[in-house]
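Heads up: the structure comes next, in structure tokens.
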Amino acid sequence: MIKLVLECILPVVLILLAYFGVVLLDVHRPMPRALGSVIPKLCVVNEEEIRRFNKMQEDEIEQQSEAARGRSGLQREMRSKQIRVNWAFLRLVMWNARSFQQSLRFEILKIDPSKSALDYEPHEQLSLELIDEATAMRWRLFGWQASFLLRAAFGLAIDHQILMIFVAAYKQLELEMVNLASMADNDIFRQMLIQRLGLDRWDVIDGGSSPAA
């Protein structure tokens, strides 16, 4: 009986291990891609929008707390909705961070391995600094996604403060990527990056316009 159970479970365990191995490898070393091929796939990450949503949800939960007493299913449903929306938002952050990491790995591959670190160009030095930052961010985001799954399973509220700390670090990475793109021979990638990330909508970059009322 034990042998039969092991024979049934072992393939599943091996498949799961292989899957997590692929995921972890991608988190650490995704396939290098040129910035020009990455930019069209980037998404706008609007931190103010998710901040307003969470504030609205928390206010609604608080207002209905008395009326919902004895109806815990309602609050679980609201928490579940909040987690789903924040999960989708976090996926955008994760996707963009991965895309940045891919383009940085591509830039690093172009560095002459025989060149001394003292002779690196400014954009090469910045690429090396940012790849470590992007990789560390993806590891943290990976752990945060696992936390989301646990909280969803137990119907717990998310930690908005930690979420916004992650988002602030990600937004800083956006600006550093724009700075890296500005070191290119022409300005086209910088402009494309600013527009694709929506940084021209909130006066984040010089010359940007204020959001429409």
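The values are calculated or read from the model by the stated rules, or taken from the named source; none is laboratory data. Since the structure is predicted, the reported quantities are computational estimates derived from the model, not experimental observations. FYI the Cβ positions are ideal-geometry reconstructions off the backbone, even for glycines, and counts take in every protein chain you see.
Miscellaneous remarks
- Hits in segment 118-156 (condition: more than 19 Å from Y170 (Cβ to Cβ), at pLDDT below 85, assigned to a helix (DSSP H, G or I) and not aromatic (F, W, Y)): L149, L150, R151, A152, A153
- In segment 125-178, residue surrounded by the fewest Cβ atoms within 10 Å (Cβ to Cβ) [restricted to those that are closer than 28 Å to P32 by Cα and aromatic (F, W, Y)]: W139
- Residue among M183, M164, M192 that alone is in a helix (DSSP H, G or I) and either in contact with a helix residue (DSSP H, G or I) (Cβ under 6 Å, 6 or more places away or on another chain) or at pLDDT 90 or above (or both): M192
- A residue that is crowded, with 18+ Cβ neighbours inside 10 Å and of a type in the set (K, R) occurs somewhere in segment 91-114.
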